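Here is the structure we will look at.
We did not get these values from a lab; they are worked out from the coordinates using the rules stated. As the structure is a computational prediction, the values presented were derived from the model and not from experiment. Here the Cβ positions follow ideal geometry from the backbone for every residue, glycine too, while neighbour counts run over all protein chains shown.
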Amino acid sequence: MDTKNNIIEKINKLFSVDINKNPEKIFDVLVRIIPFNKAEIYMSEKLLYSKTYSKTNSSNRLKSNLMVKNASFGEIILYRDTKFSTNERKIFILCTSIISNLIKDIELSKIISMQLKALQEGILESDKAYKTEKNKNDFFANFSHELRTPLNSIISSSELLAEEIFGKLNAKQAEYISDIRIAGIHLLGMINDILDMSKIEVQSMKLNKTYFNVDTAFNEVCNIVKPIAQKKKIEIIKHNCNFEIYADYQKIQQILFNLLSNAIKYTPSGGKIELSAHTENNIATISVKDNGIGIDKKYHKKIFNKFVQINSAKDSNGLGLTITKELVKLHGGKIVVISEPQKGSEFIFTIR
Ligand code: ADP
C-alpha cells in the first residue's frame, strides 16, 4: 500500500483536473490511486464519461454516488477483475466527493459564469468602480490560488485520517479532525467563489438567439435542481410549455435556474412549485410559482436590486434576481413578482 503522503499527493491531483478541457484525466488520476480496468461516470442515469484501460470481465464493481448537498445526482463505477479492498472503498468515497464537486462545477459553471458576467457589467457602469474592481480581482486570483493548494491538502489529509485507514482514532481525535475538515471545506468554498469572481473576463453581453422549445429548457434546468427539491420533498409541477421561442437558450436557462432555485430555497419542505408558460402575439410569458414564505409588498421592487436580501438563506448572495432582471431586459421583456407573506410567490417574465 502507498504511504499516507503518497496517497494525499495523488488525491490532490484530482483537484487540478480541468474537466471542461480533458474529462478523461479524472480516470487517469484515479487509476493511479485505485487500480481498475474500466470506469464509468453517470449523470441522471446517462453515461457521461467512460474509459477502459484493459479488458475486464467486470466481475467486481466499486460504486459510489456523486453528491451535491447530500443529494445524489449521478454515480461513478469502477470495474476490476480482482476484489476491491475496504481501504480502497474508503479512498474511493473520498475521491468521489472531490469528483462530485468538479462535475457539479461544470454543470453549474455555464450558469455561474453568466451570473458573474452580468455582475461585471453592472460594475462596468462606472469606469472608476470597474478599475478598482479589476485590481481587486487580480489580487484575489493570485492570492486565492496560493490559499487553495495547502487547503486542499488539509482537507484530503483530514479525510484520510477520519477514514481511519492509517489507524484508529479516539473520540476526541475524531471530533477535532471532523472540525478541521468541515472548516476546511467551508473555507475552500469561499475561496472558490472569490476565485471564480476574479476570473471574469471583461466582455459585453450579447444575445445568441435561436429557436428552441420552452419545454426542453425547462426540463434541463429541472434536472439540475431536482435533487435539491427532492431532498426538501418539494414537488415541481410543469404545465404544458410545448412551444418554440426565439431567444438565447443559455440565458433563458439561467433565468429559469435562478427563479427555480429561489423557489426551492424559500419554500418549506413539502411545498409545491409550478412552472407554466404561454405565448401570444410573439410574446412568451413564463411563470415560476411557489407556495413558500412569500415576500411583503414593500420589498417587491427592492429585491431586484444588487445584494438585497430579505430572508437571507444558505448559499445566497443577493445577486440572483438582479441578474435575472438584466437578462430579461436584454430580451426586451419585463419581470414582475406577485407575492404575499406566507402565501407564496409568483415570478412572471416576458420574452419578446
Ligand atoms: P438570494 O441570493 O438572497 O436568494 P436573490 O437576488 O435571488 O438573492 O433574491 C433576493 C431576495 O428576494 C432573497 O434574499 C429573498 O429574500 C427574496 N426572494 C427571492 N425569491 C423568493 C421566493 N421565491 N420566495 C420568497 N422570497 C424570495
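Observations, loosely collected:
- Amide H within-cut-off set for LYS334, under 5 Å, with H built and near neighbours excluded: THR350
- Sequentially through region 322-329, phi angles give Karplus couplings (6.51, -1.76, 1.60; θ = phi - 60°) of 4, 5, 4, 4, 4, 5, 5, 4 Hz, Gly and Pro residues having no value and appearing as x.
- Annotation: amide H of LYS238 within the under-5 Å range of LEU275, sequence separation 5 or more or interchain, hydrogens built in the peptide plane.
- Computed packing ranks the peptides 50-59, 7-16 as 7-16, 50-59, most packed first, by mean other Cβ atoms within 10 Å.
- Burial order of peptide ranges 274-284, 319-329, 255-265 (average beta-carbon count within 10 Å, highest first): 255-265, 319-329, 274-284
- With R₀ fixed at 45 Å, the C-beta to C-beta distance from ASN281 to LYS13 puts the FRET efficiency at about 0.20.
- In this rough spin-label picture, where each label sits 7 Å from Cα along the Cβ direction, the VAL31-LYS232 distance is 4.2 nm.
- Compactness of region 207-282, expressed as Rg and Dmax over alpha-carbon positions, Å: 13.0, 39
- Set LYS231/LYS302; LYS238/LYS265; LYS233/LYS297; LYS233/LYS325 screened for pairs whose C-alpha atoms are more than 25 Å apart: LYS231/LYS302; LYS233/LYS297; LYS233/LYS325
- Here the gap between ASN20 and GLU220, fully extended at 0.36 nm per residue and compared with their Cα-Cα distance, gives a gain of 70.1 nm.
- Karplus-derived 3J(HN,Hα), 6.51/-1.76/1.60, for each residue of region 73-80, Hz, glycine and proline x: 10, x, 8, 10, 10, 10, 10, 8
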